[in-house]
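**Q** So that we are looking at the same thing, I have put the structure below in structure tokens.
The values are calculated or read from the model by the stated rules, or taken from the named source; none is laboratory data. None of the values given here were measured: they were computed from a predicted structure. Quick reminder, even Gly has a Cβ in these numbers, built from the backbone with ideal geometry, and neighbours come from all protein chains shown. The area values use the complete protein model at the heavy-atom level, side chains included, leaving out ligands, DNA and RNA. Shrake-Rupley method; radii C 1.70, N 1.55, O 1.52, S 1.80 Å.
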Amino acid sequence: AFLEKILNAKTQLEIFELYGLVNQNASFAHNIHLTYRDYEVMRQGVPLNETLPIPEKGMNFHRPSSCHCPTSNLFLGSGLFDMKSHIEYDVPFGIGTDVGGGTSYSLLRTLGEVYKVSMLGALEAGNELTAQDKPMYPGGEEEGEDGSLDKYFFPVKESYRLSPLKQIYLITLGTAKQLGLENFVGNFQQGKEADFVVIDKESTPWVRQRLKDITQKYAKKAEAGPPSRAP
């Protein structure tokens with residue numbers, strides 16, 4: 001309330017925006033408490049009082065972005081990253097560890113938490129029967145005459161199923177693009193820096209058995225061929 005009176009800004013992101021910090025070089029850690037208005041600011045990356053055409057659908061990693069650090073959010077109990085809303089609003093994001101509050105340097109372990117957080121919806125987290133939009137500040141209108149939600153409400157977090165390939169992309173080229181480093185690292189393209197790790201697929205008996213099971217499973221699917229379609 002104090003900052004709103006002084007700066008005429010209602011959220012943390014609007015304060016950053018007022019000082020010109022929501023730009024193509026900005027990567028905001030966590031971003032777990034974004035209002036509808038905040039998502040619009042992140043998507044456009046322009047001052048609040050200016051309007052520009054919204055970019056075409058598709059990830060553009062040279063705009064303001066978020067860095068998802070799930071182990072920190074879970075350990076501190078600060079909240080859950082809303083991956084589905086980031087995708088729907090076309091706001092770029094990458095993956096980080098933030099071991100100041102998190103629990104592991106390992107991006108592979110972090111990916112396990114990324115998946116769990118993305119799968120968890122507000123109904124499961126809050127154990128509520130119906131979705132509830134929470135106002136950002138007292139006195140916010142619940143719904144306008146045109147049926148649109150108040151811009152200072154939080155979207156209700158919904159479950160998003162993140163595939164294994166998308167997970168690997170997020171900790172490689174995806175986050176490299178989010179940080180503007182895709183010309184240097186992120187994949188094995190010729191001329192890039194050799195910034196990679198080598199994973200031993202038989203490091204433990206359990207990993208070896210899991211790999212064997214998966215290989216046999218998909219080998220059988222390949223032999224069977226694609227499923228026949230009904231006429």
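**Q** Quick one: net charge of Asp195's neighbours, Cβ under 15 Å, K/R +1, D/E -1?
**A** Around Asp195, the surrounding residues sum to 0.
**Q** With a 1.4 Å probe and all protein chains kept in place, how do Ser203, Ser104 rank by accessible area, largest first?
**A** Sorted descending by solvent-accessible area, the residues read Ser203, Ser104.
**Q** Next question. Which order do the peptides 29-38, 187-196 take when ranked by the mean count of other beta-carbon atoms within 10 Å per residue, highest first?
**A** 29-38, 187-196
**Q** If you don't mind, there's one more thing I want to ask. Let me check I've understood the local charge: for Thr110, count other residues with C-beta under 15 angstrom from its C-beta, Lys and Arg +1, Asp and Glu -1. What total comes out? Intermediate values should be presented prior to the final figure.
**A** Details: positive: Arg109, Lys116, Lys166; negative: Asp98, Glu113.
That works out to +1.
**Q** Still on this model: Might you report the magnitude of the Cβ-based charge dipole of segment 159-210 about its Cα centre, with Lys and Arg at +1 and Asp and Glu at -1, to the nearest 20 debye?
**A** In total the dipole reaches around 320 debye.
**Q** Could you state how much accessible area Lys177 has, in square angstrom rounded to the nearest 10, with a 1.4 Å probe and all protein chains kept in place?
**A** Ignoring ligands and nucleic acids, Lys177 comes out at about 60 Å².
**Q** Now a separate question. Excluding Lys220 itself, what net charge comes from residues whose Cβ is under 14 Å from its Cβ, given Lys and Arg +1 and Asp and Glu -1?
**A** Charge balance in the 14 Å sphere: +1.
**Q** Given the pairs Lys116/Lys166; Lys116/Lys157; Lys84/Lys166, which span a C-alpha to C-alpha distance of over 22 angstrom in this model?
**A** In this structure, no pair lies more than 22 Å apart at Cα.
**Q** May I pose another question? Report, in whole Å, the centroid distance computed from the Cα atoms of segment 63-85 and segment 155-202.
**A** 17 Å
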